[in-house]
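Asks: Got a structure for you, written out below as structure tokens; questions coming shortly.
The values are calculated or read from the model by the stated rules, or taken from the named source; none is laboratory data. What you see is a predicted model; the values in this text were computed from it and never measured. Here the Cβ is made from the backbone with ideal geometry for all residues, glycine too, and neighbour counts use every protein chain on show.
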Amino acid sequence: MTNRLEFNVFTAPAKALVGERPRPFGEPFAFDAGTSTLIYGEYDAVLVDAFHTTAEAAALADWVALHHRNLTTIYITHGHLDHYFGLTVLLDRFPTARAIATPGTVAEIRAADPDMTRVLLGLLPGQVVPNITAPQPYDNDTITLEGRELRIIEQGRTDFPHSTSLHVPSIDLVVAGDVLYNKCHMYVGETTADSRDNWIAALDRLAALQPKYAVAGHKKTGEPDTPDAIAQSQNYLRHFSRLQRSGLSDQELFDEMGERFPDWVSHQSWLMFGFS
Ligand SMILES: [Zn+2]
């Protein structure tokens, strides 16, 4: 076992959404840029997350193919649709790959509210495959790639319940899923003060691994995948919690976060307040 693993990150840019913003302020209605990470050895590869639209998943499949590795596994970090709706396209291209997620994530996907899913699909009309494929439950906490361990870290509720991250100790890599954001406004729209505390603890768990590389689920395009994003994400959550306690109006809270984090992308009201 002398070969080492390598990784490569694909960022799908932000995309316009159709319809009205849930609050009448902020940038034009759009969905933030997301990442998918390929971890590979000499022959085999594991892909982490599978994107949202058909176009993104098709571009991702082409990019994966350029690596000339056998894609054995697609691991889905959590049950948000922008991380697994592209699975159907990926599995068409790589039919021998298995698509897996933790039992908690699979349960979240199966329990998704069909009305909410319809609302979210309506924001990207005709851009998402009609036949969505869910990942299979995976009971083990380790995925093996050419003899090296990819360790699944259960993170509890961060921007979604049953979030996970993946740690690859042999190359000091963390693929954080949506536990980590990198200079992109964070999806606090479904959080509470308690769940933000859990989220901060989840980020502490990543920091304790002392990774050399940390890939965020959502990032400002072109930002390096460095672990300083961990403390920045914690600052963001703490600042949001502080402001929320101070009784500001939604717009004041939104504007204050924009002023405190001026170089962060996707200043979207839905990220802060959800879709309702
Ligand atoms: Zn996401």
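Asks: Looking at Phe29, Phe85, Phe51, can you tell me which residue is of a type outside the set (Asp, Glu) and surrounded by fewer than 21 Cβ atoms within 10 Å (Cβ to Cβ)? Walk me through how you get there before you give the answer.
Replies: Numbers: Phe85 fails: surrounded by fewer than 21 Cβ atoms within 10 Å (Cβ to Cβ); Phe51 fails: surrounded by fewer than 21 Cβ atoms within 10 Å (Cβ to Cβ).
One residue alone meets the criteria, Phe29.
Asks: Inside segment 234-276, can you point out the residues that are under 19 Å from Ala216 (Cβ atoms), of a type in the set (A, V, I, L, M) and either outside any helix (DSSP H, G or I) or modelled with pLDDT under 95 (or both)?
Replies: Val265
Asks: Could you list all residues from segment 212-255 that are more than 20 Å from the chain's Cα centre (by Cα) and over 19 Å from Ile200 (Cβ atoms)?
Replies: If the condition is that a residue be more than 20 Å from the chain's Cα centre (by Cα) and over 19 Å from Ile200 (Cβ atoms), then Gly247, Leu248, Ser249, Asp250, Gln251, Glu252, Phe254, Asp255 are the ones that fit.
Asks: Something else now. Suppose we keep only residues that are farther than 20 Å from Gly274 by Cα, of a type in the set (S, T, N, Q) and touching a strand residue (DSSP E or B) at 6+ places or on another chain (Cβ under 8 Å) within segment 164-216. Which one would you say is farthest from the ligand (Cβ to nearest atom)?
Replies: Ser170
Asks: Now for a different question. Assess whether Ala99 counts as being within 14 Å of the ligand (Cβ to nearest atom) and at pLDDT 95 or above. Before you say what the answer is, go through the steps one by one.
Replies: On the way: within 14 Å of the ligand (Cβ to nearest atom): no; at pLDDT 95 or above: yes.
No.
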